[in-house]
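A short write-up of the structure that comes next.
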Amino acid sequence: MSERFGLYIHWPFCLSKCPYCDFNSHVVERIDQAAWREALLRELDEGADRTQGRIVTSVFFGGGTPSLMDPATTGALIERIGQRWTLADDIEITLEANPGTIDAERFRDIRSAGVNRLSMGLQALDDAQLKFLGRVHDSAQAIKAVELARAAFPRISFDLIYARPGQSLESWRQELDRAIAMAADHLSLYQLTIEPGTPFHPMAARGEFVMPDDDHAAALFELTQDITEAAGLPAYEISNHARPGAECRHNLLYWQGDDFLGIGPGAHGRLTDEQGRTTTHRRHRAPEIWRGMVMEKGEGTAEAGILDAEDRTTELVLMGLRLTEGLSLAKYPDLESSLDSKGLAEMIEDGFLKRENNFLRATPQGRLLLNRVIERILPLE
Ligand SMILES: C[S@@+](CC[C@H](N)C(=O)[O-])C[C@H]1O[C@@H](n2cnc3c(N)ncnc32)[C@H](O)[C@@H]1O
Ligand code: SF4
């Protein structure tokens with residue numbers, strides 16, 4: 001059983017739906033804050049009954065837009081977590097915020113509720129680009145939000161989306177330089193992906209905008225690695241950058257295969273059972289169906305199961321190779337023998353993977369083609 005144990009709490013509401021986003025997020029006319037508090041607390045209690053004795057090392061309020069959650073609800077959830085579990089002395093409690101939904105007072109209230117790390121969706125620092133991305137904030141609001149967050153929280157991070165249509169290397173360099181000047185010690189930099197089912201999908205198919213081709217996207221990725229590294233914020237994961245020691249501990253827990261409990265609509269989790277097997281759970285995605293289930297029987301699980309050895313290997317490889325340090329072969333001593341030995345030898349020989357200090361990691365060349373590299377080393381179905 002992993003030493004670290006995290007709680008993920010999903011808040012499924014947003015002010016408006018961004019045209020690129022396929023997260024479980026919904027726009028509703030009115031949120032019944034009291035009803036949502038009650039349901040989240042109930043599912044949390046049920047989860048606590050099943051994970052007694054664990055020490056909570058991180059909590060992550062994700063969404064959706066959890067900065068729309070009444071800070072009193074955030075506070076009630078954190079208080080209940082403290083009553084039901086032991087908390088690690090250095091517990092990390094992150095909340096995701098949208099710059100269009102906060103002001104100084106809201107930040108103070110979220111901080112007083114117990115949140116000690118704020119992660120903001122800035123997405124761009126250019127008004128035309130923010131409009132293209134369908135954001136409710138402009139760049140002045142984004143900059144102000146970072147200033148306020150830095151004053152209110154000991155740790156902050158923000159997200160930018162790059163590899164946008166028409167983005168040149170030079171314009172991204174300038175935008176990233178400005179972002180780094182504002183950043184604290186953590187940045188998430190995602191390449192824009194066109195997800196099926198989002199408004200961007202048919203727009204891209206109709207040619208209303210043209211996405212960067214693979215070569216240009218790779219050049220933007222490499223530029224990102226160079227600039228962030230030179231600024232002391234190297235990538236510790238494909239899209240995440242931090243000063244050493246400032247990595248998001250909660251997200252590390254996913255990538256390193258540790259246990260976490262998912263609470264709220266669409267949340268999923270992984271828990272090691274008494275026989276050492278990895279159990280999975282996923283809550284119902286639809287907010288009101290989930291809430292109905294929780295009010296009726298205390299939890300809203302739509303699917304639960306046990307990962308077989310092959311699926312667990314696949315998951316550990318998919319997650320671990322995203323990390324710069326790679327996958328720990330010391331932590332998972334049986335893992336190497338369950339990989340395709342011929343594929344693994346070839347990938348090492350060709351310079352896409354490296355085995356070093358008991359870690360298996362992707363080289364810079366391997367990171368550019370990570371999905372293909374992973375396909376080669378996973379055992380054949
Ligand atoms: C749950 S949101 C963060 C908090 C808040 N909802 C917001 O957007 O301000 C998670 C992040 O995923 C990234 N993201 C979502 N969909 C994406 C896509 N299709 N391509 C690239 N990044 C995406 C965005 O940077 C976003 O900030
Ligand atoms: S990117 Fe964030 S604000 Fe936009 S719809 Fe997705 S979850 Fe909501």
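Values quoted throughout were computed directly from the atomic coordinates according to the rules given, and no laboratory measurement underlies them. What you see is a predicted model; the values in this text were computed from it and never measured. Glycine also receives a Cβ, built like all others from the backbone with ideal geometry; neighbour counts cover every protein chain displayed.
Below is a table of values for the structure above.
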item	result
Net lengthening on full extension, Ile143/Ile55 (0.36 nm per residue, minus Cα-Cα)	28.0 nm
Alpha-carbon Rg with Dmax, taken over the chain, Å	20.9, 58
Unpaired by the 4.7 Å Cβ criterion, cysteines found in the chain	Cys14, Cys248
Of the GluC sites (Glu not before Pro) in the range 143-217, those whose Cβ has at most 13 other Cβ within 10 Å and which sit in DSSP loop	Glu208
Whole-Å semi-axes of the ellipsoid equivalent to the range 310-377 (Cα gyration tensor, √5λ, descending)	16, 13, 12
Karplus (6.51, -1.76, 1.60) ³J(HN,Hα), θ = phi - 60°, over the range 184-191, in Hz, Gly and Pro reported as x	8, 10, 8, 9, 10, 10, 9, 7
Under 5 Å, built H, 5+ apart or other chain: amide partners of Arg155	Leu118
Cut-off under 5 Å, modelled amide H: who pairs with Leu327 long-range	Leu360, Arg361
Cα→Cβ-extended label distance, 7 Å offset, between Lys297 and Val210, nm	5.4 nm
Spatially proximal aspartates and glutamates relative to Lys131 (Cα-Cα < 17 Å; intrachain offsets below 8 disregarded)	Asp159, Glu175, Glu208
Relative contact order (%) - the chain, alpha-carbon pairs under 8 angstrom, separation at least six	16 percent
Candidates Leu41, Leu176, Leu369, ranked by Gaussian network fluctuation over the chain, Cα under 10 Å, top entry	Leu369
Antiparallel bridge percentage (DSSP; both residues within the range 5-253; nearest 5)	15 percent
The chain: most fluctuating residue of Asn371, Asn116, Asn24 per GNM, C-alpha cutoff 10 Å	Asn371
The chain - charge dipole about Cα centre, Lys and Arg +1 at Cβ, Asp and Glu -1, debye rounded to 20	700 debye
Ranked list, fewest to most other Cβ atoms within 10 Å of each Cβ, for Thr280, Thr86	Thr86, Thr280
Under the Karplus curve 6.51 cos²θ - 1.76 cosθ + 1.60, θ = phi - 60°, whole-Hz ³J(HN,Hα) for the range 44-56, x wherever Gly or Pro sits	4, 4, 5, x, 5, 4, 8, 10, 4, x, 7, 9, 7
GNM top mover of Ala219, Ala179, Ala242 - the chain, alpha-carbon springs below 10 Å	Ala219
12 Å beta-carbon shell around Ala345, net charge (K/R +1, D/E -1)	-2
Helix-only CD estimate at 222 nm, as mean residue ellipticity for the chain, using -39500 (n - 2.57) per DSSP H run (n ≥ 4)	-12000 deg cm²/dmol
